[in-house]
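Quick notes on the structure that follows.
The values are calculated or read from the model by the stated rules, or taken from the named source; none is laboratory data. All of these numbers come straight from a predicted model, not from anything done at the bench. Methodologically, a virtual Cβ is constructed for each residue, glycine included, from the backbone with ideal geometry; neighbour enumeration extends over all protein chains shown. These area figures cover heavy atoms from the full protein model, side chains too; ligands, DNA and RNA do not enter into them. Shrake-Rupley method; radii C 1.70, N 1.55, O 1.52, S 1.80 Å.
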Amino acid sequence: MTTTPLLDQAHPAVKGGLLLEVTNISRQTDSIVSITFADLAGGLLPAYVPGSHLVVQYGAGVNAYSLTGSGSTPFEYIISVLQVEDGAGGSQAMHRLSVGDLVQVSRPRSAFAPVANATHQLLVAAGIGITPVLSHARSAVEWGTATDLIYVHRPGAGAHVEEARELLGDGLTECSDRASFQKVLAESLTHQPLGTHLYVCGPAAFMDDVLDQAREHGWPAARLHSEAFGAAELDDGEPFAVNLTRSGTRLEVPAGVSLLEALENAGKSIPNMCRKGICGECSLSVLRGTPQHRDLYLTDQEKAENTTMMCCVSRSLDEELELDL
Ligand code: FES
């Protein structure tokens, strides 16, 4: 494997990563482009597990994008990016890239990996949430895992539809309105074989709704998996409180205010960099309570352990958290 080291001005979130060249750009829809990155010498890139993402640097900023490939022996990394007019600038920068441009990226990171021994999986995606789900679908076909995909998109505005159709055939169900989606989802949640794992990616409210319905149908938590996007798409969340054990302080965190902001407002100095749940700089130790993990840094296993949280984006599922601070 040949990989070119990063330049000196690499953002901390891509440290230890790769300098890659843009080798192809293709338009998926009016607002979504697929961008292909490859090693400058054409070498093999680090492999990744399905559902992984890359952190891509643009100027002084970084953002995370899901990889759409299966991850085994990759000679290229492909991301698909929705242009967001009022975002932090990452998607606009990605849409300005041209073939031949160089980009600094992290190594692939996994936070939405498939369960290795699952024999059947139900994938549910909305809009640009198709990207990590497509990665799961490709891998499932390679490994012979039975897979169904419900893909919700606006009429004529779905990305990667043809690829999904080729991969899954009748296993793909497209929905373009809420009523048909709710009907298909209810049927799928009722009739999946025992042991099926559910993977969902899309806007936060969409994922919450799908996961709530799965729980109502009796799906155990261990079979439910979701992929959150960056902070720009996160909702305000519920208010909660934190007890800081070392300083003996109690703080209220209102809806719409991040834990990081609440700590800073109280005079605490917390190391941070991206403020988007990507870089891992703002990690805090949790002593009691269950965080609502909304970052892209911790792995599924680390999130399940609930001993660490990224305070820039993550909140609390309990009314109160106790932090080692
Ligand atoms: S500041 Fe980067 S993960 Fe929180």
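Packing here is the average count of other Cβ atoms within 10 Å per residue, and on that basis the peptides 271-283, 126-138, highest first, run 126-138, 271-283. Between THR119 and ILE270, full extension at 0.36 nm per residue minus the direct alpha carbon distance yields a gain of 50.0 nm. Per residue, the accessible area of region 43-176 comes to 39 Å² when a 1.4 Å probe rolls over the protein heavy atoms. Accessible surface of region 95-156, 1.4 Å probe: 53 percent of it comes from carbon and sulfur atoms.
Where both bridge residues fall in the chain, DSSP classifies roughly 60% of the beta bridges as antiparallel. Here each label is just a point 7 Å from Cα along the line to Cβ, and for GLU163 and LEU40 those points are 2.7 nm apart. Here region 162-275 exposes an accessible surface that is 50 percent carbon and sulfur, computed with a 1.4 Å probe and the other protein chains kept in place. Average accessible surface for region 214-295: 51 Å² per residue, computed with a 1.4 Å probe over protein heavy atoms with every protein chain in place. Relative intensity of the chain on a log10 scale, I(q)/I(0) at q = 0.07, 0.15 Å⁻¹, equals -0.28, -1.28, per a Debye sum over C-alpha point scatterers of equal strength in the absence of solvent. Applying 0.36 nm per residue to the separation of ILE25 and ASP318 and subtracting their alpha-carbon distance, the gain on full extension is 101.1 nm. Let me make sure I get this right: for region 119-179, a, b and c are the square roots of the gyration tensor eigenvalues over alpha carbons, sorted descending. Under 1.5 in a/c it's rounded, otherwise prolate if a/b > b/c, else oblate. Which is it? It is prolate, given that a/c is not under 1.5 and a/b is the larger ratio. With +1 on each Lys and Arg Cβ and -1 on each Asp and Glu Cβ, how big is the dipole of the chain about its Cα centre, in debye rounded to the nearest 20? Rounded to the nearest 20 debye, it is 480 debye. Would you please classify the overall shape of region 227-325 from the alpha carbon gyration tensor, given that a ≥ b ≥ c denote the square roots of the eigenvalues, rounded means a/c under 1.5, and beyond that prolate means a/b larger than b/c while oblate covers the rest? It comes out rounded by the Cα gyration axes.
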